[in-house]
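Inspection log for the structure reproduced underneath, given as structure tokens.
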Amino acid sequence: MSWDYEDAQECKERLQREIAKRVQRGEVFEALPAPAGSKKLCTTFWGQAWCRNLDSYQVYESRLPRGRSYLRQGKVYNLEIEPGKLNAVVAGSELYDTSIHIRPLPQEQWSKIVEAGAGQVGSMLDLLAGKLGEGLMKVLTDPDNGLFPKPEEIRFNCSCPDYADMCKHVAAVLYGVGVLLDTRPELLFTLRGVDQAELLSNASSEAITELASGEGDLAGADLSALFGIDLGSSPQDDKP
Ligand SMILES: [Zn+2]
């Protein structure tokens, strides 16, 4: 039997020993928990929309199913999302470092999204839960002008020996983002380098201004709770 066909269990145990060794040296290894088997990979609006977008990448079609399978087997570790960047370690035959660059959303594209969303996003809570009107959902998930990256906006590196195009490790990390968005949808905006607060409706800003001037029906209401955002100190506090 060639090394290519090392028993899966043996491989897993070898990598677990390697991880334990590194943890002992002080490295952090946190597996991204993903649903196994045929359960839905993602269950929320943002997680599912992210994965649907990946599913549509015909250019990487051959690598995507293996990526999903790796993720479901708990092989993605330490997934980190920063503006324009993803990092993770993936347990293949060895532990591989993957880094993925995703082009931040062009300002013009984001401005158009904000414009389209004007008056339609009631609260941060609704936005992050994907409780939005159908029209706005379409804008946000539009394959060309929405929030999700196109294949040509993605560059990747993996320390595995056999990657030519997109390897299964990179594909696993990309699907891992969908799983992470299920619990932390705000990371999509972080990744694309935009501020989701700009999507809050004009109506909300007007209400806040009204409150600040002591007018309007909302005076005295708990605005943080109302809009699902942390408003910090009230503008009234700044008045002498
Ligand atoms: Zn790889």
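Tabulated values for the structure
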quantity: The stretch 26-109: trypsin sites (Lys or Arg not before Pro) in DSSP loop, at most 16 other beta carbons within 10 Å; calculated: 39, 40
quantity: Karplus 3J(HN,Hα) series, Hz, for the stretch 33-39 with 6.51 cos²θ - 1.76 cosθ + 1.60 (x for Gly, Pro); calculated: x, 10, x, 8, x, 9, 5
quantity: Amide H contacts under 5 Å for residue 142, placed H, 5+ residues apart; calculated: 147
quantity: Among the listed pairs 112/150; 75/138; 12/150; 40/131; 131/168; 12/40, those beyond 22 Å (Cα-Cα); calculated: 75/138; 12/150; 131/168; 12/40
quantity: Per principal axis, descending, Cα span of the stretch 31-201 in whole Å; calculated: 51, 31, 26
quantity: Residue-normalised accessible area of the stretch 1-92, expressed per residue, 1.4 Å probe, Å²; calculated: 63
quantity: Summed side-chain charge close to residue 24 - residues other than residue 24 whose Cβ falls under 12 Å, Lys, Arg +1, Asp, Glu -1; calculated: +2
quantity: Cβ crowding within 10 Å averaged over residues, with 139-150, 170-181 ranked highest first; calculated: 170-181, 139-150
quantity: 166, 137, 124, reordered so the largest accessible area comes first (probe 1.4 Å); calculated: 137, 124, 166
quantity: Residue-wise HN-Hα coupling along the stretch 119-128, computed from phi with Karplus coefficients 6.51, -1.76, 1.60 (Hz; x: Gly, Pro); calculated: x, 10, 10, x, 7, 4, 4, 5, 4, 6
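The values are calculated or read from the model by the stated rules, or taken from the named source; none is laboratory data. Computed from a predicted model, the values in this text were never measured in an experiment. For neighbour counting, all protein chains shown are included, and Cβ atoms are generated from backbone atoms with ideal geometry for every residue, glycine included. Note: areas computed on protein heavy atoms with side chains; ligands, DNA, RNA excluded. Shrake-Rupley method; radii C 1.70, N 1.55, O 1.52, S 1.80 Å.
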